[in-house]
1. Quick check: pseudo-label points 7 Å beyond the Cα along Cα→Cβ at residue 1 and residue 58, how many nm apart are they?
2. Residue by residue through the range 232-238, which ³J(HN,Hα) values in whole Hz follow from phi under the Karplus form 6.51 cos²θ - 1.76 cosθ + 1.60 (θ = phi - 60°), with glycine and proline marked x?
3. Helix-only estimate, please: 222 nm mean residue ellipticity of the chain, summing -39500 (n - 2.57) across DSSP H runs of length 4 or more and dividing by its residues, to the nearest 500.
4. So what's the gap between the Cα centers of the range 14-76 and the range 147-174, to the nearest angstrom?
5. Hey, can you grab everything whose amide H is under 5 Å from the amide H of residue 230? Only 5+ residues off in sequence or another chain; H modelled, so Pro and N-termini drop out.
6. I'd like the Kirkwood hydrodynamic radius of the chain, using the inverse of the mean 1/r over distinct C-alpha pairs, in Å.
7. Within the range 83-171, list the trypsin sites (Lys or Arg not before Pro) lying in a DSSP loop whose Cβ has at most 14 other Cβ atoms in a 10 Å radius.
8. The range 88-118 to the range 230-246: how many Å between their Cα centroids?
Amino acid sequence: MAHVLVTGAAGGIGGAIAEEFAARGDLLTLADRDAGPLTRTAARLGGGAVAHAADLTDPGAPAALVEAAWAANGPVDVLVNAAGVYPSLDMAEVDAPAWDRLFAVNLRAPVLATAAFARLAIADGRPGAVVNISSGSALRARPGGGPYASSKAALEMATRAAALELGGHGIRVNAVSPGFVQVSSDCNPVSAEYAAAIGANPLGRPGSPRDIARAVCWIAGPDASWITGEVLRVDGGSSTGALHLPRIWQPGDTRATPLAAAPAAPTEGPTA
Ligand SMILES: NC(=O)c1ccc[n+]([C@@H]2O[C@H](COP(=O)([O-])OP(=O)(O)OC[C@H]3O[C@@H](n4cnc5c(N)ncnc54)[C@H](O)[C@@H]3O)[C@@H](O)[C@H]2O)c1
């Protein structure tokens, strides 16, 4: 049984990650900003999941969280940094407080939590795994998403840098990069129009938080023991290219586009 610390655990993807680890019999420490929703998530999981409210915009909070989880429930084996904010913020509108708030949650918190985790694991001579939740935005800018995309691109580089330095201590650091998955979020609301526009992918079905959670469990676990510094894109193939563009055709070419003819992929596959 592993001890798994998940930030953003009251959220859509963080909650699904916590559920997936709990279903495998792991011990969970759950962290999020507000105690109320977090306690409800912990109650849903049952079986001794511990809730820890922490506002990760506080510079001292990430390290304090890891240390508290370690002290209360024993050594942490897996750290999942899933807390994140994705406000709509144009590059012409951004100011220092908005930029700093976004980067505090999306970049500084996972980096500082990883540092605290690494210090404790190295002191104890223990291996471990960190999984950062990135985004397809790390690869592609989109209107209103520049600061967010910048934070996730930086998080992917921080993932590789930490993997490089910590591998010798048996600590693997990877990222999982979700494509768009619908969550019900007070913190990160998106409009129906946006959800419809961003949802298309080559596999032809929407992703679910559980699709992301299963990938996180896999990359944190023993079957991925020779993988570090990797960014696993779990997005129905949406990062492969520009699906919305028409097929290139020459004058007089009357063929239908292959995408229009492609059958829809089956719904979510069997559980592993
Ligand atoms: N939903 C998607 O389509 C999608 C796609 C790519 C990446 N992501 C990433 O997945 C992660 C989870 O997002 P989600 O879609 O489940 O959203 P969500 O809003 O449901 O979850 C985010 C969680 O982070 C917590 N959080 C925010 N600020 C915090 C702070 N200061 N301190 C502590 N906790 C804080 C929120 O309270 C919330 O519970 C984020 O890192 C997000 O960037 C989401």
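A short reminder: the numbers here are calculations on the coordinates, not readings from a lab. None of these values were measured; they are calculated from a predicted model. Positions of Cβ are generated from backbone atoms using ideal geometry, with glycine treated the same way; all protein chains shown enter the neighbour counts.
1. Taking the two extended label points, one gets 2.9 nm.
2. These are the phi-based 3J(HN,Hα) values: 8, 8, 10, 8, x, x, 5 Hz.
3. -11500 deg cm²/dmol
4. 22 Å
5. Amide H neighbours of residue 230: 175.
6. 19.4 Å
7. Loop-located and lightly packed - 140.
8. Between the Cα centre of the range 88-118 and that of the range 230-246, the gap is 25 Å.
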